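Just so it is clear, none of the values below were taken in a lab; they were calculated from the coordinates. Predicted model only: the values in this text are computed from it and were never measured. Every residue, glycine among them, receives a Cβ derived from its backbone with ideal geometry; neighbour counts consider all protein chains shown.
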Amino acid sequence: MFRALVLAAAFALLVPTAPAAARRIVVVPGPGTPLQDGIDAAGPGDTVRVGAGTYAESITIDKPLRLYGKKAVIDAGCGVLTAVQVAADAVHIRSFTVRGGNFYGIDMSARDLTIIERVTIVPTCIGVEYGINVFQGTRMRIRNNVISDPNGFGDAAIYIGGTPPNADLRVERNVLTGPNARGIIVEDSLDLPAKPVAVRVRKNEITGAGVGIWVFGSEGAEILTNFVTATTQAGIEMTPNSNGN
């Protein structure tokens, strides 16, 4: 009997515990920071569904989550650097309007498997540098977003920098308007001759920027079927140290 119990206990130690089922957390507007509270209460892999209304707060997503909005507005105000900070891998943000942040609308560095889609970014602070900022990102999808700043972003509506080889980072079907210094920047992204392509910029519409798409110190990027109009300097500019694009 004792031997049977020991064997049963040993077997239990060898069998992996089944992961908890992903949950759905519903957030609605209210006092305080209800959206950040919902993110904090969620576990990795959960879905946070955000109800219609305005959330007067900046947020940090520090675990793998799906954050889905429904006529939801994040208004971070001008007292913070970033409106939405992505600080984890495997984050999916969909269907929000983002306002505020005095430097970044959405910021993410060294992140993997991130999707930003159907997000509208309308800065409400003076001197904002970037709508979406990505540094050393891999396997990202930035698609179907609308980024509009009547004052213009100081550097770019979308910045992609330091992308490693084989990153498979795609910037697709975004609409960027306003007198931005640049619509999209691809900087210091080295890929030649690796596959898959590190950065692909495809089917974006860019209006009113100084330079529509600016490629600096990058190799092997694919710039395909974009529509660039009403720029004051150039539609696409590639610096002399950018080759094989």
How large is ³J(HN,Hα) for each residue in the range 147-158, as worked out from phi by the Karplus curve 6.51 cos²θ - 1.76 cosθ + 1.60 (θ = phi - 60°), to whole Hz, x for Gly and Pro?
10, 9, 10, x, 8, x, 6, x, 10, 6, 5, 10
Charges at C-beta only: +1 for Lys and Arg, -1 for Asp and Glu. How large is the resulting dipole of the chain about its Cα centre, in Debye rounded to 20?
1060 debye
Which FRET efficiency value, to the nearest 0.05, is calculated for residue 37 and residue 203 with the Förster distance at 41 angstrom and r the Cβ-Cβ distance?
0.65
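Once you list every other residue whose beta carbon is under 9 Å from the beta carbon of residue 134, what net charge do they have if Lys and Arg are +1 and Asp and Glu are -1?
Values: positive: 111; negative: 107.
Residues close to residue 134 contribute a combined charge of 0.
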Dipole of the chain, positive end: most advanced residue of 83, 119, 108 [Cβ charges, Cα centre]:
119
Among 189, 33, 244 - extreme Cα towards positive end, dipole of the chain, charges at beta-carbon:
33
Out of 76, 88, 41, any idea which swings most in a Gaussian network model of the chain, alpha carbons joined below 10 Å?
41
Please give the helix 2-14 orientation as an angle from the longest Cα principal axis of the chain, in degrees from 0 to 90, rounded to the nearest 10.
0 degrees
Quick check: net charge around residue 162, other residues with Cβ under 9 Å of its Cβ, Lys/Arg +1 and Asp/Glu -1?
-2
Considering amide H positions built from the backbone, and no H for Pro or chain starts, which residues 5 or more places from residue 242, or on another chain, come under 5 Å of its amide H?
217, 218
Could you tell me which of 179, 61, 128 has its Cα farthest along the dipole of the chain towards the positive end, charges placed at Cβ (Lys, Arg +1; Asp, Glu -1), taken about the Cα centre?
61
With +1 on the Cβ of every Lys and Arg and -1 on the Cβ of every Asp and Glu, and nothing else charged, how large is the dipole of the range 167-231 about its Cα centre, in debye rounded to the nearest 20?
240 debye
Identify which of 24, 111, 202 has the largest mean-square fluctuation in a Gaussian network model of the chain, with springs joining Cα atoms closer than 10 Å.
24
Could you work out how far apart the two model spin labels at residue 225 and residue 241 are, taking each label as a point 7 Å from the Cα in the direction of the beta carbon, and quote it in nm?
3.3 nm
Test of understanding: in a Gaussian network model of the chain with alpha carbons linked when under 10 Å, which of 160, 206, 223 would top the mean-square fluctuation ranking?
223
Take residue 151, project a point 7 Å from its Cα along the Cβ direction, then tell me which residues of the range 70-88 have their backbone nitrogen under 20 Å from it.
74-85
Restricting to lysines and to Cα separations under 30 Å from residue 195, and discarding same-chain partners fewer than 8 apart, the set is 63, 203
Using a cut-off of 12 Å between beta-carbons, work out the net charge of the residues near residue 245 (Lys and Arg +1, Asp and Glu -1, residue 245 not included).
-3
Under a plain spin-label model, where a point goes 7 Å from the Cα along Cα-to-Cβ, how far apart in nm are residue 52 and residue 90?
3.3 nm
